[in-house]
Amino acid sequence: MTFRPLTLVSAALLVTAPSARPADPPATAAERMKAHVAYLASDRLEGRGPGTRGEELTTDYLAAEFKKAGLKPVGENNTYLQPVPLVRVATSPKSTLAATRAGEKPTEFACEEEFSGTSHTQADLEEFDAEAVFVGHGITAPEFEWDDYKGTDVKGKVVVLFTNEPPSDDPAFFGGKALTYYGRWTFKFEEAARRGARACFIVHTNETAGYPYSVVRPLDGAQLKRDPSSPALAFAGWLSRKAGERLLGLAGTTVDDALKAADTKGFKPFSLGVNLKGNIATKVERIVSNNVAGIVEGSDQKLKDEVVVFTAHWDHLGVGRGVAGDTIYNGAADNATGCALLLELAREWAALSPRPKRSALFLAVTAEEKGLLGSKHYAQHPVVPLGKTALNLNFDMILPIGVPESVVVTGAERTTAWPLVKAAATRNKLEIEPDPRAHLGVYYRSDHFSMARAGVPAFSVGAGSKLKGKPADFARKAAQEFNDSAYHSPQDELKTDWDFSGFAVLVAFGIDVCRAAADADRLPTWNPGDEFLPAREKSGVK
């Protein structure tokens, strides 16, 4: 069947129909969501690390709240839990890395301080001693006539590169200012492995990564169980800028000059003239974490087999390196806020009358901080087939700093659900604004990406920069302060001055978007030519 997208007129009719959400003062909802954040970000939960006591307390709480809201369990054995088998990997801080050249003293790099990362082979010990090759941004993109590996066989070698991608103001060339998936660090490791590289190191700069080295400095992580038939890197890691200067200096260049070369059309990879020798000891432990899932069934006997999906990740970084005397990474903004919104969305959706035609799945996923692993596992093992999944709205790290008058929904414009989104924004008196962090590839950094990659129209909902009664630069300054002082640190705790009054607006917007999708005549899809359209069509949606 040929898909015919909804017109803006029909979409507007769907979302401007009288709402049947239960009357509930916004202040009540705000206090409820604040209480969720207070508990989920408390020291008692020890940073909500997957596979820890903190996980048990977190998932028990979320499941209890789903039950209280009236959601039906859709996990294993009639519970709300969907098991996610993980492999916890921790690089020994005694691991070594050195640049060597015959007849010269080795240049050694300090583990964690100057290099960090993990092995992807899930082996206890990996050793390599191979030629280091600089491959620019490590991108192969035939559609843009760009190949950083051109003419170079890196099989068995160590590749050194930058994250991000060539700068562009042309939307037809690497998406213009917005970063594409080619620019994400995950792509760099995937492509290096496909090329047969033994190891891959990304030279960190604040500008190319979008965050400080402290964010990538940890030596522990988690992975989904590896398919033995797929290629894997003996080490996938980062070099601090200082280490990058030392390594590139051995080849007679600098970080800035190497980055300038990588940004230039016609870049050609080159040997650094040294071997990188690594001895990487890894502690490997198999654990089971859990997604938390509950469903509200739709009212239509046929369409209730299809769903809209709301997601938020419940995990954070657990207990780790002390900062200012604190070792618990509470993750209040990242992402107790998203969980609070998810719980309120579930409560309100379950109370809708009349009930929407399609069902709604509420999914709190694990291991987002480890590489979107919980959502990736769900996309591989969905409760409802992806070909019957209408839409995914994700909520991740929203600062409670007031009532939004604008909203960011990057990626929604790429889908045929865009008219529904615009109509819902109008109804809730929200202006849709571009994502100011699009150049950092934010679209590819949260759980909706797992769903999008599997074909489901998906995007995150975030508050925009316009806040009721606040100066024009208030939100930008608050976000910058959080990024500089609290992001991925123990300082991400519930603040006394946080204002949750605006969260009800985002809840109303999310419900309006998904209710329209749940009641629409057909499932939305991606626009013609979109990178995710083939996966959508493969799932059976045309």
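The values are calculated or read from the model by the stated rules, or taken from the named source; none is laboratory data. What you see is a predicted model; the values in this text were computed from it and never measured. Here the Cβ is made from the backbone with ideal geometry for all residues, glycine too, and neighbour counts use every protein chain on show.
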Scan the helices (runs of 4 or more DSSP H) fully inside the stretch 453-542 and keep the ones with 3 or more residues being under 21 Å from the mean Cα position of the chain (by Cα), among the β-branched types (Val, Ile, Thr) and within 28 Å of LEU343 (Cβ to Cβ). none
Within the stretch 148-178, restricting to residues that are closer than 25 Å to VAL216 by Cα and among the small types (Gly, Ala, Ser), the one that is modelled with the lowest pLDDT is ALA178
Sole residue being in contact (Cβ under 8 Å) with a residue 12 or more places away in the chain, more than 23 Å from PHE449 (Cα to Cα) and aromatic (Phe, Trp, Tyr), chosen from TRP349, TRP314: TRP349
Got at least one residue in the stretch 420-430 being free of Cβ contacts under 8 Å to residues at least 40 places away in the same chain and assigned to a loop (DSSP other than H, G, I, E, B)? yes
Counting just the residues of the stretch 436-445 that are part of a loop (DSSP other than H, G, I, E, B) and touching a residue at least 60 places away in the same chain (Cβ under 8 Å), which one comes out nearest to the chain's Cα centre (by Cα)? GLY441
Top-ranked residue of the stretch 103-118 - restricted to ones that are over 12 Å from VAL274 (Cα atoms) and buried (at least 17 other Cβ atoms within 10 Å of the Cβ), ranked as farthest from the chain's Cα centre (by Cα): PHE109
Of all residues in the stretch 74-102 being over 20 Å from ARG246 (Cα atoms) and in a loop (DSSP other than H, G, I, E, B), the one that is farthest from the chain's Cα centre (by Cα): LYS94
Given (1) surrounded by 17 or more Cβ atoms within 10 Å (Cβ to Cβ); (2) over 26 Å from PRO385 (Cβ atoms); (3) without any contact (Cβ under 8 Å) to a residue 60 or more places away in the chain, number of the condition LYS304 does not satisfy: (2)
Leading residue by the ranking (surrounded by the most Cβ atoms within 10 Å (Cβ to Cβ)) among those in the stretch 56-84 that are in the same structural domain as ALA312 (by TED's automatic domain parsing) and more than 14 Å from PHE362 (Cα to Cα): THR58
Selection from the stretch 454-464 of residues that are more than 30 Å from GLU306 (Cα to Cα) and out of contact with any Pro (no Cβ under 7 Å at 6 or more places or on another chain): none
Any chance the stretch 348-362 includes a residue that's within 22 Å of GLU297 (Cβ to Cβ), at pLDDT 95 or above and under 20 Å from the mean Cα position of the chain (by Cα)? yes
Which residue pairs have Cβ atoms under 7 Å apart, sit 6 or more places apart or on different chains, and have a first residue in the stretch 241-268 that is assigned by TED's automatic domain parsing to the domain that holds PRO167 and part of a loop (DSSP other than H, G, I, E, B) and a second that is small (Gly, Ala, Ser) and at pLDDT 95 or above? LEU250/ALA99; LEU250/GLY273; ALA251/GLY273; PHE267/GLY136; PHE267/ALA261
